[in-house]
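Okay, structure first, notes after.
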Amino acid sequence: MEPFAPKFQGRPWVSGMRALHVYVLPRPGADDDLLAMAHACQPIFARYPIDPQCGSGPDDAGLLHLTGEMLADVPAAEYNEAAREELANALRAELSDVAAFTTEVGPPIGNIAGAVLDVWPEADTVALIERIRTAISKTRGDVALQHSGGRPHISLGYSWGSASSDPLNSELRNKVVPRRATLFVDRVHLLDVAWTLDDDLGGWRMSWERVAEIPLSD
């Protein structure tokens, strides 16, 4: 793995800058097995340069998330309240007929940027992401769609240094069971996300403010 560095519009992120994102967020009660698996990874991550994203307790999802899309036309500071409400309403309209669904995530895998849980089956998630992108394109134009999140995944932790992923993956494989968990998706969240360079950590840390919650169809 290598030190993770966020980007905006293909360029290095300016520390403290914010950008709007649409995320699926795991939740206590709905996704307890997923949260248990994420928390089981934390003692292993402590031996590697990985900043875990789950919270401190078993009922704390922390910053675990599945990225639907980043809005990359302009930083979040350039979205006024009317623009944010327009975007939230466009998401509500576009996703109003998308049925809630259950999928699975796992196993935990170390990668170049830290560690992730891949989503599989992924068809419903990919379809949801495409509808999110449609709502964004209708509201902000294709210029807002400048980033690809790759295969749908939940980020378990971001790397702040370099290390081999081979021993990490061996530990994850041997010590974290079960290796699959369900993810229930019945809503998405519009969030104002910041990345800040943390001098004490020596890497980047995420934070966010909630803007809107958009339910899927029952």
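The values are calculated or read from the model by the stated rules, or taken from the named source; none is laboratory data. In this text, all values refer to a predicted model and were calculated from it rather than measured experimentally. Every residue, glycine as well, gets a Cβ built from its backbone with ideal geometry; the counts of neighbours run over all protein chains shown.
Is it fair to say A115 is farther than 23 Å from A212 by Cβ, crowded, with 19+ Cβ neighbours inside 10 Å and of a type in the set (A, V, I, L, M, F, W, C)? Judged against the criteria, A115 is a match. Taking segment 78-94 as the range and being in contact (Cβ under 8 Å) with a residue 12 or more places away in the chain and not in a helix (DSSP H, G or I) as the test, only Y79 passes. Restricting the first member to segment 171-198 and to residues that are under 21 Å from A77 (Cβ atoms), and the second to residues that are assigned to a helix (DSSP H, G or I) and not hydroxyl-bearing (S, T, Y), the beta-carbon pairs closer than 8 Å and six or more apart or on different chains are L190/R84; L190/L87; L190/A88; L190/L91; D192/A76; V193/A76.
For segment 180-218, a tally of residues being assigned to a loop (DSSP other than H, G, I, E, B) and within 23 Å of Y23 (Cα to Cα) returns 4.
For every residue, the table says whether it meets (1) surrounded by 18 or more Cβ atoms within 10 Å (Cβ to Cβ); (2) touching a strand residue (DSSP E or B) at 6+ places or on another chain (Cβ under 9 Å); (3) modelled with pLDDT under 95.
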position: S148; (1), (2), (3): no, no, yes
position: R151; (1), (2), (3): no, yes, yes
position: W160; (1), (2), (3): yes, yes, no
position: L168; (1), (2), (3): yes, yes, no
position: A181; (1), (2), (3): yes, yes, no
position: V188; (1), (2), (3): yes, yes, no
position: G203; (1), (2), (3): yes, yes, no
position: E209; (1), (2), (3): no, yes, no
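The residues in segment 1-25 that are touching a residue at least 12 places away in the same chain (Cβ under 8 Å) and either touching a Cys at 6+ places or on another chain (Cβ under 6 Å) or not in a strand (DSSP E or B) (or both) can be counted, and the count is 13.
From the list M17, M37, which one is among the aliphatic types (A, V, I, L, M) and surrounded by fewer than 16 Cβ atoms within 10 Å (Cβ to Cβ)?
Numbers: M37 fails: surrounded by fewer than 16 Cβ atoms within 10 Å (Cβ to Cβ).
Unique residue meeting the criteria: M17.
For segment 125-146, does any single residue satisfy the condition of being in a loop (DSSP other than H, G, I, E, B), among the polar types (S, T, N, Q), touching a residue at least 24 places away in the same chain (Cβ under 8 Å) and surrounded by 14 or more Cβ atoms within 10 Å (Cβ to Cβ)?
yes
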